[in-house]
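Rule-based calculations on the coordinates, nothing more; no lab input. Bear in mind that the values here come from a model prediction, so they are computed numbers and not experimental data. No Cβ is skipped: glycine too gets one built from the backbone with ideal geometry, and neighbour counts run over all protein chains shown.
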RNA sequence: GGGCGCAUGGCUCAGCUGGUUAGAGCGCCGCGUUCACAUCGCGGAGACCGCUGGUUCGAAUCCAGCUGCGCCCACCA
């Protein structure tokens, strides 16, 4: 039966199926777009430029819905700008994500081969990671393509590729030469199991049941002791001071005296430090171990204390541990406590729960560990980057995020850029302990490719490019390369210009730098956004983007941030499989408001082939919308005869044509403005309402009488003409959000319609984006239409509430407020008849109010539905009473306002006048309703 | 602990510079096979806009406090 209907409905529109089938359409169009190189941006094009660099996804794993939102937004912007006359570049790429990627690969190698990285060796491990990278980069790229992203794939970059590496080296060299990169000590989070430093965000805290040990620090002169509490007794071996609060009466006299560290017999001072010590906590005395505790480290810096490392790389006690040397640290802890007890120094032990940092990778406790690291001096760089936002050169949307940026930069904390990893850009520093500066000058003095500086025990030599090699200074002076790599963010920070070829002055760089907007998440404002501004200013003297659009963070149904590491990520491919890419895009875009979070509840669903995928009814919004547009198009196209060719709108436009054109242009205006301000959810709602409500529910329905019931050929043709015009505009406006569907429909439209200004390109993605023609916007006709719609709705309500079946036709009497309204409604009597299922509509200002009829009042116009015998008086009385009550409330409200002298005196005249007008109208309505109720009750 | 944000019908969210009869989608209820669409049409019910104060002629909207939640940053010897 469906087949029969299909054939009957589908006059001449071959191949347009009844429901939109996304999967068939999507792959076909994507390959078509890429084959035709429609995503390629030409740096030589004689057009204004627009560019976006993708926030490069980490190659740690596949993309989730958070990325899908991020990429949808960018694609909408890119496609919109392309259609708006810009040469738009969307630069794709991925990030090597140092620690995270090395960690996943190390873990996998360990699981499958029971080998750690030392077993494998640097070269082999890095090789494995490259293989992983290739696999996931391909997967990510595939996901982006499925999403429909209009990336210029020929330009795809990777943060570790040749081009990016060149930029990293150039930047490092430049900063080093200026003295902005230096070597220093820093406490790192040491993973004793993997023997590597881990990043702060790779640490999870776990509550561990431990003890608080209270013991005595004996004074060196033998006269008494200081009570100290600790959760890590073994660190006593590295203590270099005991601190008290300067105003603590109990210990004031001890300040400046010396105490003796048990077991190693080191004498250390008692110092006063108001920052470290909280007199109310513990004993009020704090042992200070600068080499193994972040706070103590800071204290150590303040007081210039020695920093004694007591651990080996594997977490055992080193040669500084006296009798405990060689013990694993937890064994040492036990033995040391026993020792304290034997010495009579242990006071008591309390059970105590502490938050202990654990490595996310090895799940073992991390140890703060002092080591040599490389830093970037942030002072001046940060100040300049702050200036960019303060001066408005870089603008945040929403503006509140500027604060995150400024606050973080304001701390001006030096940036630790070295990581004890193998996966990443190896630091371009070589050490030479034995040579003289003259040796360096002899070897590297010519040109500007090597720079050096003296450290206490060695030369620090930085090469601009390439590998210096171990014997560049001859066989007598060995060069050693620093084994560490750079923080991932060091290369990410260069992304906007590195991807365009910098330091080469490429045409691409000239054309597309600075980029137009950065679209990203709020949690990397400091890590990434701020650093891009810094390097952009430093390397090119120009900020890397004008706008920063921070979009919502996608949360799961429980309100947890969706992330790869949490494992709660939802694969966009699941959603695409179930609902289609356009549905995904539309739904995600409509979620993209100024809010900072977007919840996305999903549930697993078994597919017919047994696979489980994640689905969410939220995407039905987008799927249904796609289907609606599909069917509206199918309907119109099915009615257009092959022989018709429209080249311009008809001469004599009817009222509904003027109305839909006004609505269309108003929508185009609002949509462009919303896009300009990154208000994508607004864009979606505007287009949804215009398409579904204005166009489908009213306009197309209105035109059906022309199509079905008219013998007038011209009328029919005009109806199709105007409808196609509007449809074409809808497709274009919607294309950035729903690219596949609109491209597919565009193809069908083009077969039948050829407007010069609307159907103006072979591919919709190259067509011109509609802009508002303000001469088409007609306030008056929209108001008239609104009243017509409300009258029809009033009639429909009466019918529905009284359970009047569609087959029963009634008559209506409409009593308008004035002659103009009367004339308008008379001209639309057929419409009212059709939409209200009426045999007749009498529009007459002087008509008598019918005695028995369903009633509504719309903007003062009285609407009566005469259906003697069909209307239940009880129902009508109920309706009227409710209506009256509602109106009374409103009357009371406005009355109160108008009686308030404060309002009348102080509010703007326009507001007061409007209120008065409203009041009079409401009173009139109330009178009429009350009269009707009276009549009914008789 | 510091910062930012959120709290609007059962659910997910709009409501941008204070003046709206507080909206939408889903869900719910009723009716509906006239040939675009049941992934649909028509109609309806459902909200003291977290709480308490304040500013104002007027507050969902601005301010303060409180409560609950989320995120980021820093973290306790």
Fill in: Debye-sum result for region A:154-262 in log10 I(q)/I(0), which assumes one identical scatterer on each alpha carbon, at q = 0.16, 0.24 Å⁻¹
-0.97, -1.30
Worksheet item: Is the shape of region A:804-896 rounded, prolate or oblate, going by the alpha carbon gyration tensor and its root eigenvalues a ≥ b ≥ c, with a/c under 1.5 for rounded and a/b larger than b/c for prolate?
Response: oblate
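Quick one: order A:555, A:612 by neighbouring beta-carbon count within 10 Å, fewest to most.
Going from sparsest to densest Cβ surroundings: A:612, A:555.
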Worksheet entry | Per-q log10 I(q)/I(0), region A:389-545, q = 0.09, 0.10, 0.16 Å⁻¹ (Debye; single scatterer per alpha-carbon; no solvent) | -0.41, -0.50, -0.99
Discussion item. Testing the spin-label approximation: label points 7 Å from Cα along Cα→Cβ at residue A:471 and residue A:281. State their distance in nm.
Written reply: 5.7 nm
Worksheet item: What Kirkwood radius, in Å to one decimal, follows from the Cα pairs of region A:88-153?
Response: 13.4 Å
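Arrange the peptides A:631-641, A:762-772 so that the one whose residues have, on average, the most other Cβ atoms within 10 Å appears first.
Values: A:631-641: 20.1, A:762-772: 17.9.
Listed from highest to lowest mean packing, they are A:631-641, A:762-772.
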Response to the item:
With R₀ set to 60 angstrom, the calculated FRET efficiency between the beta-carbons of residue A:330 and residue A:608, to the nearest 0.05, is 0.65
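Counting only Cα atoms, I'd like the Rg/Rh figure for region A:503-550, Kirkwood definition for Rh.
Values: Rg = 11.3 Å, Rh = 11.3 Å.
Taking Rh as the inverse mean 1/r over Cα pairs, Rg/Rh reads 1.00.
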Worksheet item: How far apart, in nm, are the 7 Å Cα→Cβ label points at residue A:247 and residue A:751?
Response: 8.5 nm
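By the gyration tensor of its Cα atoms, with a ≥ b ≥ c the square roots of the eigenvalues, what is the shape of region A:559-684: rounded for a/c under 1.5, prolate for a/b over b/c, or oblate?
Details: a/c = 3.91, a/b = 1.72, b/c = 2.27.
Taking the square roots of the gyration eigenvalues as a ≥ b ≥ c, region A:559-684 is oblate.
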Response to the item:
Once residue A:413 and residue A:355 are pulled to full extension, the length gained, defined as 0.36 nm per residue separation minus their Cα-Cα distance, is 18.4 nm
Fill in: Mean separation of Cα contacts under 8 Å (6+ apart) over length of chain A, as relative contact order %
12 percent
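At R0 = 25 Å, how high is the FRET efficiency between residue A:563 and residue A:596 if r is their beta carbon distance? Nearest 0.05 is fine. Working shown, then result.
Values: r = 16 Å, r/R0 = 0.62.
Result of the calculation: an efficiency of 0.95.
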Discussion item. Could you tell me the center-to-center distance, by alpha carbons, between region A:839-868 and region A:301-378 in angstrom?
Written reply: 90 Å
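Given only helices, namely DSSP H runs of n ≥ 4 each adding -39500 (n - 2.57), what is the per-residue ellipticity at 222 nm of chain A, to the nearest 500 deg cm²/dmol?
Details: 30 runs with 395 residues, N = 938.
Value at 222 nm, helices only: -13500 deg cm²/dmol.
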Practice prompt. Report the normalised scattering of region A:640-712 as log10 I(q)/I(0) at q = 0.17, 0.26 Å⁻¹, calculated by the Debye formula with identical scatterers on the alpha carbons.
Written response: -0.78, -1.19
Discussion item. What whole-number distance in Å separates the alpha-carbon centres of region A:727-783 and region A:50-84?
Written reply: 24 Å
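If you rank A:722, A:520, A:434 by fewest surrounding Cβ atoms within 10 Å, what's the result? Walk me through the intermediate numbers first.
Details: A:722 23, A:520 20, A:434 11.
Result, fewest neighbours first: A:434, A:520, A:722.
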Discussion item. For region A:794-850, take every pair of Cα atoms, bin their distances at 5 Å starting from 0, and report each bin as a whole percent.
Written reply: 4, 20, 28, 24, 15, 7, 2
Worksheet entry | 5 Å binning of all Cα-Cα separations within region A:196-248, expressed as whole percents from 0 upward | 4, 12, 17, 19, 18, 13, 8, 6, 3, 0
Response to the item:
In whole percent, the Cα-Cα distances of region A:758-859 spread across 5 Å bins from 0 upward as 2, 11, 18, 19, 13, 8, 7, 7, 7, 5, 2, 1, 0
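Which FRET efficiency value, to the nearest 0.05, is calculated for residue A:652 and residue A:830 with the Förster distance at 22 angstrom and r the Cβ-Cβ distance? Each step should come with its number before you reach the end.
Values: r = 17 Å, r/R0 = 0.77.
Efficiency, rounded to the nearest 0.05: 0.85.
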Item to complete: For helix A:581-591, report the angle its Cα long axis makes with the longest principal axis of the Cα atoms of chain A; keep it between 0 and 90° and round to the nearest 10°.
Response: 80 degrees
Response to the item:
Between the alpha carbon centres of region A:650-697 and region A:920-938 the gap in Å comes to 37 Å
Practice prompt. For helix A:909-937, report the angle its Cα long axis makes with the longest principal axis of the Cα atoms of chain A; keep it between 0 and 90° and round to the nearest 10°.
Written response: 50 degrees
Fill in: Inter-site label distance for residue A:448 and residue A:783 at 7 Å from Cα along Cβ, in nm
7.0 nm
Practice prompt. Restricting to chain A, compute how many DSSP beta bridges are antiparallel as a %, nearest 5.
Written response: 75 percent
Discussion item. Output the 0 to 90 degree angle, nearest 10, between the alpha-carbon long axis of helix A:779-801 and the longest principal axis computed from the alpha carbons of chain A.
Written reply: 80 degrees
Discussion item. With 20 Å as the cut-off, how large is the P(r) tail for region A:326-429, expressed as percent of Cα-Cα pairs?
Written reply: 69 percent
Worksheet item: Sorted by average packing, counted as other Cβ atoms within 10 angstrom per residue and highest first, what order do A:509-515, A:579-585, A:826-832 take?
Response: A:579-585, A:509-515, A:826-832
Worksheet item: Based on Cα positions only, what radius of gyration and what Dmax would you give for chain A, in angstroms?
Response: 37.3, 119
Worksheet item: Can you give the extra length, in nm with one decimal, that the chain gains between residue A:889 and residue A:934 once fully stretched, where that is 0.36 nm per residue apart less the Cα-Cα distance?
Response: 14.2 nm
Discussion item. Principal axis extents for region A:828-868, Cα atoms only, whole Å, descending order, please.
Written reply: 24, 23, 16
